[in-house]
1. Which one of the conditions (1) in a helix (DSSP H, G or I); (2) out of contact with any Lys or Arg (no Cβ under 6 Å at 6 or more places or on another chain); (3) among the aliphatic types (A, V, I, L, M) does Leu156 fail to meet, given that it meets all the rest?
2. So, in the stretch 63-91, exactly how many residues are in contact (Cβ under 8 Å) with a residue 12 or more places away in the chain and of a type outside the set (Lys, Arg)?
3. Give me a count of the residues in the stretch 129-170 that are closer than 27 Å to Phe97 by Cα and open to solvent by less than 80 Å² (accessible area, probe 1.4 Å).
4. Could you give me the residue pairs with C-beta distances under 9 Å whose first residue belongs to the stretch 93-106 and is under 14 Å from Lys185 (Cβ atoms), whose second residue is part of a helix (DSSP H, G or I) wherever it lies, and which are 6+ apart or on separate chains?
5. Enumerate the pairs (first residue in the stretch 150-175 and closer than 12 Å to Ile130 by Cα and among the aliphatic types (A, V, I, L, M); second residue anywhere and outside any helix (DSSP H, G or I) and open to solvent by 80 Å² or more (accessible area, probe 1.4 Å)) with beta-carbon separation below 9 Å, excluding pairs fewer than 6 apart on the same chain, so at least 6 apart or on different chains.
6. Regarding Ser108, is this residue closer than 30 Å to Pro161 by Cβ, touching a Gly at 6+ places or on another chain (Cβ under 9 Å) and not aromatic (Phe, Trp, Tyr)?
Amino acid sequence: ISKVVINNWDQYKDYVLSWRDNTLMPKLKDLTNTGASKVLSFFSALWDIIIGLIISVYIIASKEKFSAQFKKVFYGIFKTQTANRFINNLRFTNSKFSGFIVGKLVDSLIIGIICFIVCSILKFDYPVLISLIIGVTNIIPFFGPIFGAIPCFILLFLISPIKSLYFIIFVILLQQFDGNILGPKIHS
């Protein structure tokens, strides 16, 4: 074996060096560049989230001060009657949007709880996960329930196709209940 290795050493050495230079190093270079790019984009996104949270806390903590400054500027620019009308419209808009957001959150929480109860009764796999997805995506107007039902359907289909069919029927009934009974009662 040693004679074969010694006789073919130059050939093996050339093959290994060629493989290193032509295959391994370019792939490592590409992998390093891609990895560095992903790491930098992750830390950039993390930095943006941290700055966003800091600014959000600052704005929320100083909202009365900003509101008073805005009123002073607005009263300084426009006539008193126009400023009063605009500020009253802003207050009305704020109350309606706040009511809608709170109502939608309560509605989605109730839908998530109903979904959990029915999924547990029907013995669907992963009822907590399914209910969480359905409840959270229910916050999104119009297409949210569809966006939530698709991954849950796929998950259940992989486990039991017949249960996934029952799930789709249940989600359609649940959304009809939400849209025609629960939603109007909460938002009225």
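1. (2)
2. Matching residues across the stretch 63-91 total 4.
3. Of the residues in the stretch 129-170, 13 are closer than 27 Å to Phe97 by Cα and open to solvent by less than 80 Å² (accessible area, probe 1.4 Å).
4. Taking only residues 6 or more apart or on different chains, the pairs are Gly99/His187; Gly103/Gly183; Gly103/Ile186; Gly103/His187; Lys104/Gly183; Lys104/Ile186; Lys104/His187; Val106/Ile186.
5. Close Cβ pairs satisfying both conditions: Leu155/Tyr126; Leu156/Tyr126.
6. Taking the combined requirement at face value, the residue satisfies it.
The values are calculated or read from the model by the stated rules, or taken from the named source; none is laboratory data. Given the structure is predicted, the values throughout are model-derived calculations rather than measurements. For neighbour counting, all protein chains shown are included, and Cβ atoms are generated from backbone atoms with ideal geometry for every residue, glycine included. With ligands, DNA and RNA removed, areas are computed over all heavy atoms of the protein, side chains included. Shrake-Rupley method; radii C 1.70, N 1.55, O 1.52, S 1.80 Å.
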